[in-house]
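To start, the structure under review is shown below, and the notes come after it.
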Amino acid sequence: MTALLRLPLYGAARAQPSPGTSSVPWFHLIPGEHPLVLLIQGSQLFEVDAELAAGLSVADDPATDTLRSLVALGPRKSSGPVPVSALSLNVAQSCNLACDYCYADEGRFAGAPRQMEQTVALAAIDRLFAEARSPRVTLGFIGGEPLVNRALVHRCVEHAARRARQTGIGVGFSITTNGTLVRPEDISMFREHEFTVTVSIDGDAAVHDRHRSRRGGGSSHDRVISALEPLLASAGRARVVARATVTRDDLRVSERVEALLGLGFAEAGVSPTRTGPRPELWLQSHDWWPFFESMKLAAEIDLNRVRSGAGERLRFSNLANALDSIHRGSARSLPCGAGRSYVSLGADGGYFTCHRTIDQRTFALGDVASGIDADKRASFLAARDVDGQEPCRTCWARYLCGGGCHAEVATAGRQGCDYIRAWLEFCLKTYDALLRERPELFWQPGGVS
Amino acid sequence: MKNKIIARNLTARAEYDVPGNSPATRLESGVGNCYPGLEYDHRNFDRRFFPGLVFEYVSQDDAQTPQLTRRGARLALVDSADTALQAPPPEFADVARALRQALSDNGEALGASSAQWFLDEIEQAGTSVILRGDDGTPLDGLVVWRLVRSLRIGKVTLKLKRRDDAAARSISLSGWRRRFTDETTGVIDASFVPGELTQSLCSPWMHDFRDCGCTYWASNHPDIVFPEIPLDQGLLPAGSSDQPLQTDVRVDWLRSDRELGATPAVGRRAARSAQMSHFEINQRWQDLDIVLEGREIGDFYLPRSRQLDNARPYATPAELRDHLLELAGLEHLVALMYLYARYSVRTPAEITNSQRPFLTEDVDFARHTLLQLAISEMQHLRWVNQILWGLFEAEIVPGWTKFEPALTPSPVIPAAGDVTAPVPAQLLPLTARTLELFVAIEQPSGFIDGRYARATSTLLGSQYPRQLHELASAIVRDGEQHYLHFRDMQTVLSAYSAEYLRPLALAAPDDLAVAPALGTYKKILDELAAGYQRGDVSNMKDLSAARADMFVLDEQLETLAASGKGVPLLSLFPAAPVSPP
């Protein structure tokens, strides 16, 4: 816990607006051996000399004008709707596991367990292709546990692949699964169609089974491993990644990530629990600092793997994705594509802003028969532009963060903002350092990960 | 140095326009070593490692009869004018004062013409290195140099000894190891004189560069470049020359024929014979220009990309709006003119039994290029409307309460540049004269070009939304290509009289055959109007519909043209007053 005191969060010399004023910062200074300046609007990252940095750390110093004369601010990103290019299908709103932290009410989203009809799924796929304006679309399968409805998944893949051939629009597939029901024919499909397979798995058996039990009890870890073994051993053209959920009863990150990488996953990442049926598992305000320390430790282990030559790519997805975003200069006024370029279809044929908001009226966007409701989409997005959110509006990290998961913000508000800023600042510094040490990492196809 | 910023991530690199060359061209990125042929001999840095003194590192390793007493670091010069002595780094101010005094006190002894002073001992941070072997013989110059090379920037004490007079007292001097290049800018320390770093090389680095080729060379050097724009030649707003055919054709930097018109040799072997020979490089190395931003620089350098923004801005947002409205009309008109000209050209399928072997390819080229340019103008029309919409939304034009998309073609092509008198709006088949008109319209620094330059510089003003400037700049850059395309087309079609043309005549507006096509065009305009009315992405639906209808219109115009009927698209607009030619 003493580690908390060493956090380099708010140096005395930081260009932050004072509370109660309307001033919105346009750059963020990160002091250090190589001082960095992030131009907030376009996420442009510059190194500045020590003298300029010293001036920038003082309010109203002429250095601010100097900086303004040296740079051009990137364009403000639009947050309005764009043609949908990604769709996820809730093919099964039921699950064979009973994880106690599940945001989706064990897959049922507060309703009766049910499965998607084939006509609904195929109609949604046709609509995706017909309305797409991009060279490539993404089709995801989620649930519940999507493989509960295996036959439909296979049918949809076949259908989408045919549409792709007909329209010339490429298609990428993804599935989020608990892994326990994966069969050899699924594995063949994942390889053939270059699936991104995201497996919900929390770490080693002891960690995993604490919250991810089978219905009626019993270890699900063994099942996941035995079902996935052939795929992990030889992924072919599929990409198999692990996503672990971190609950407040065990904030360790590196142990989980290393265990998962050891199992053969190409990448592993974590998500902290902020919502769900058991509040005692949600991270509380004083949990974010130890969690940040855990994240840093996991990142350092991954970085050392790359630095020592033991790995060619970063495999801790949270770090890899953050560094890729920083490298590209991603600046977004929304946290994700939900409702903008991405929608999710519930088992009953209703569109929702994403897979986490299935069956929630406030997030509904029409149905597959009449199409995605343009007005609802537009008003959903307009209401969530990060520049209209508090306290996001004046936060330097707003275009890197985007304001936080809509679904979580709706139920739990904005938690852990100091953690997010600390993590992003850590990633910005790490990016700068890694770009010095191993610039080639950022120029390989697919980025650092 | 103050105010240095370095772009780190991709958006920063894209956004920050660094004048001059990249850091990869700096000395510290050079391929320097102590053997001949590369860019500089880094031993020459260490000649001046100690402010005020210049040493020569004398080696006898390769001598047939080595003279051991000549080996080592021989004092070549006491340079009391050394800038580092006069203006030392602050941390060495005291050391410099004492050193100046010591050099002055020992000036006579050190400067004696017969004296042969050698470096005998170096001390730094408590470590002394005696520059003699165990048997007392002096170390070879290359060994001494390596030891000097290992010094850190910081205080150093030297002992100098005379070799020609063993009885003479030795001299100790305290100073510091010089910093050879400025820490932040990379600029070489001012005490080095031009040529000093390369003086020990047996050949200019261009020899090796020529032999290795750019792909092998480890640091950035020019190989294929744009030639210098002569001072008396005009520049386009985006920074390129107004004589693009002369100055926007890349040439070999090492070319032997330095005339602008020298044809670049294509291919490795061909390029080689057109390049300067080694001997020629020795004779004429100073003819090889410095290259900045890909272009050879003669006497003056002005960052190209900034020039676009140097045009005279419009005085008020309202003035800017009015000029943009005018530009929108012109973009629209020329798009229609290019389209009409395209349909006046036969398709490759319509070329039968031609005596001219390349006619099929040439009509294909002309039709394709015209369509491309027409589409480009349509895109500009959309962008201008987008800029107008952005201006309206920003609420900076006083009294502008209703946004109306600009979709009426201009009734006239204004006189400017090679368009010597206003030309009334008209649709013409692609004759040689029409082509001349197109070249004149797209002429660099012509009417359209000049107007956009001013719009661009106006949009740099802080009251304008930043992205509008980006859009306007994109149009300017595009426009410069159009001119080149039409010039190419002129060259290609000059071989023919009219055999590439369809027998096309403009139909009367009330001709029933053209009514459907006019209807489609009207529909497209309505859809565009609905789309442009909303400048944000919610206009997607209307614009998609317009695009779909453009395919319909394309088919209609093509079919009619094949049967000799040109569609009078301009007839949709009530005749506007046209100034007399």
Being among the basic types (Lys, Arg) and within 29 Å of the chain's Cα centre (by Cα) is the filter here; which residues of the range B:342-398 pass it? B:Arg382
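Based on what the data block shows, is A:Ala63 surrounded by fewer than 17 Cβ atoms within 10 Å (Cβ to Cβ) and more than 29 Å from A:Arg274 (Cβ to Cβ)?
In short, no.
Of everything in the range A:27-40 that's touching a strand residue (DSSP E or B) at 6+ places or on another chain (Cβ under 9 Å) and part of a loop (DSSP other than H, G, I, E, B), which residue is farthest from the other protein chains (Cβ to nearest Cβ)?
Among those residues, the one meeting the criterion is A:Ile40.
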Go through the range B:506-528 and give me each residue that's assigned to a helix (DSSP H, G or I), over 10 Å from B:Val567 (Cβ atoms) and over 45 Å from the mean Cα position of the chain (by Cα). B:Leu512, B:Gly519
Mind checking whether some residue in the range B:447-456 is within 14 Å of chain A (Cβ to nearest Cβ), in a helix (DSSP H, G or I) and within 23 Å of the chain's Cα centre (by Cα)? yes
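So that you can scan it fast, the table gives a plain yes or no per residue for (1) surrounded by fewer than 18 Cβ atoms within 10 Å (Cβ to Cβ); (2) under 18 Å from the mean Cα position of the chain (by Cα):
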{"site": "A:Cys405", "(1), (2)": "no, yes"}
{"site": "A:Val409", "(1), (2)": "no, yes"}
{"site": "A:Tyr419", "(1), (2)": "no, yes"}
{"site": "A:Ala422", "(1), (2)": "no, yes"}
{"site": "A:Asp432", "(1), (2)": "no, no"}
{"site": "A:Gln444", "(1), (2)": "yes, no"}
Of all residues in the range B:422-456, which are at pLDDT 85 or above, of a type in the set (A, V, I, L, M) and under 21 Å from B:Pro409 (Cα atoms)? B:Val423, B:Ala425, B:Leu427, B:Leu428, B:Leu430, B:Leu435, B:Leu437, B:Val439, B:Ala440, B:Ile441, B:Ala455
Mind listing whichever residues of the range A:281-304 are farther than 13 Å from A:Trp423 by Cα and without any contact (Cβ under 8 Å) to a residue 60 or more places away in the chain? A:Gln284, A:His286, A:Asp287, A:Ile301, A:Asp302, A:Asn304
What is the residue count in the range A:35-62 for residues that are in contact (Cβ under 8 Å) with a residue 12 or more places away in the chain, among the acidic types (Asp, Glu) and at positive phi? 0
Take the residues in the range A:390-449 that are among the hydroxyl-bearing types (Ser, Thr, Tyr) and under 23 Å from A:Gln44 (Cβ atoms); name whichever of them is modelled with the lowest pLDDT. A:Ser449
Filter the range B:497-530 for residues that are farther than 21 Å from B:Leu560 by Cβ and modelled with pLDDT of 90 or more and give the result. B:Asp526, B:Glu527, B:Leu528, B:Ala529, B:Ala530
Please enumerate the residues belonging to the range B:399-409 that are within 39 Å of the chain's Cα centre (by Cα) and not hydroxyl-bearing (Ser, Thr, Tyr). B:Phe403, B:Glu404, B:Pro405, B:Ala406, B:Leu407, B:Pro409
For the range A:50-109, which residues satisfy the criterion of being in contact with a Phe, Trp or Tyr (Cβ under 8 Å, 6 or more places away or on another chain) and in a loop (DSSP other than H, G, I, E, B)? A:Val71, A:Ala72, A:Leu73, A:Lys77, A:Val84, A:Ser85
Select the helices (runs of 4 or more DSSP H) contained entirely in the range A:166-267, then report the ones holding at least 3 residues which are acidic (Asp, Glu) and farther than 18 Å from A:Leu314 by Cα. A:184-192
Is the range A:407-418 home to any residue that is part of a helix (DSSP H, G or I), within 14 Å of another protein chain (Cβ to nearest Cβ) and either touching a residue at least 60 places away in the same chain (Cβ under 8 Å) or of a type outside the set (D, E, K, R) (or both)? no
Give me a count of the residues in the range B:186-211 that are at pLDDT 85 or above, over 29 Å from the mean Cα position of the chain (by Cα) and surrounded by 14 or more Cβ atoms within 10 Å (Cβ to Cβ). 3
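Would you mind finding the one in A:Ala53, A:Ala72 that is surrounded by 17 or more Cβ atoms within 10 Å (Cβ to Cβ), at pLDDT below 90 and more than 30 Å from A:Pro113 (Cβ to Cβ)?
Being surrounded by 17 or more Cβ atoms within 10 Å (Cβ to Cβ), at pLDDT below 90 and more than 30 Å from A:Pro113 (Cβ to Cβ) holds for just one of A:Ala53, A:Ala72, which is A:Ala72.
Of all residues in the range A:337-360, count the ones that are more than 17 Å from the chain's Cα centre (by Cα) and either within 14 Å of another protein chain (Cβ to nearest Cβ) or in a loop (DSSP other than H, G, I, E, B) (or both).
7
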Give me the residue from the range A:81-115 that is within 14 Å of chain B (Cβ to nearest Cβ) and at pLDDT below 90 and, out of that set, farthest from A:Ala132 (Cα to Cα). A:Pro81
Where in the range B:74-178 are the helices (runs of 4 or more DSSP H), entirely inside, with at least 2 residues that are in contact with a strand residue (DSSP E or B) (Cβ under 8 Å, 6 or more places away or on another chain)? B:93-105, B:107-111, B:141-149
So which of A:Leu323, A:Leu334 is within 14 Å of chain B (Cβ to nearest Cβ), more than 25 Å from A:Gly388 (Cβ to Cβ) and either under 19 Å from the mean Cα position of the chain (by Cα) or surrounded by fewer than 21 Cβ atoms within 10 Å (Cβ to Cβ) (or both)? A:Leu323
When you scan the range A:47-58, do you find a residue that is over 30 Å from A:Asn149 (Cα atoms) and more than 12 Å from chain B (Cβ to nearest Cβ), even just one? yes
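Which one of these is among the β-branched types (Val, Ile, Thr) and crowded, with 24+ Cβ neighbours inside 10 Å: A:Val148, A:Val120, A:Val91?
So the residue among A:Val148, A:Val120, A:Val91 that is among the β-branched types (Val, Ile, Thr) and crowded, with 24+ Cβ neighbours inside 10 Å is A:Val91.
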Picked from the range B:544-571 (must be of a type in the set (Val, Ile, Thr) and touching a helix residue (DSSP H, G or I) at 6+ places or on another chain (Cβ under 6 Å)), the residue surrounded by the fewest Cβ atoms within 10 Å (Cβ to Cβ) is B:Val552
Take the residues in the range A:266-280 that are in contact with a Lys or Arg (Cβ under 8 Å, 6 or more places away or on another chain) and buried (at least 20 other Cβ atoms within 10 Å of the Cβ), then tell me which one is farthest from A:Gly107 (Cα to Cα). A:Glu267
Test result for A:Arg155, modelled with pLDDT of 95 or more, under 28 Å from A:Thr245 (Cα atoms), in a helix (DSSP H, G or I) and charged (D, E, K, R): no
Testing B:Glu470 on (1) within 30 Å of B:Asp418 (Cβ to Cβ); (2) of a type outside the set (Phe, Trp, Tyr); (3) out of contact with any helix residue (DSSP H, G or I) (no Cβ under 8 Å at 6 or more places or on another chain); (4) in a loop (DSSP other than H, G, I, E, B), one condition comes back false. Which one is that? (4)
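The values are calculated or read from the model by the stated rules, or taken from the named source; none is laboratory data. For clarity, every value in this text was computed on a predicted model and none was experimentally measured. Here Cβ is always computed from backbone atoms with ideal geometry, including for glycine, and neighbour counts include all displayed protein chains.
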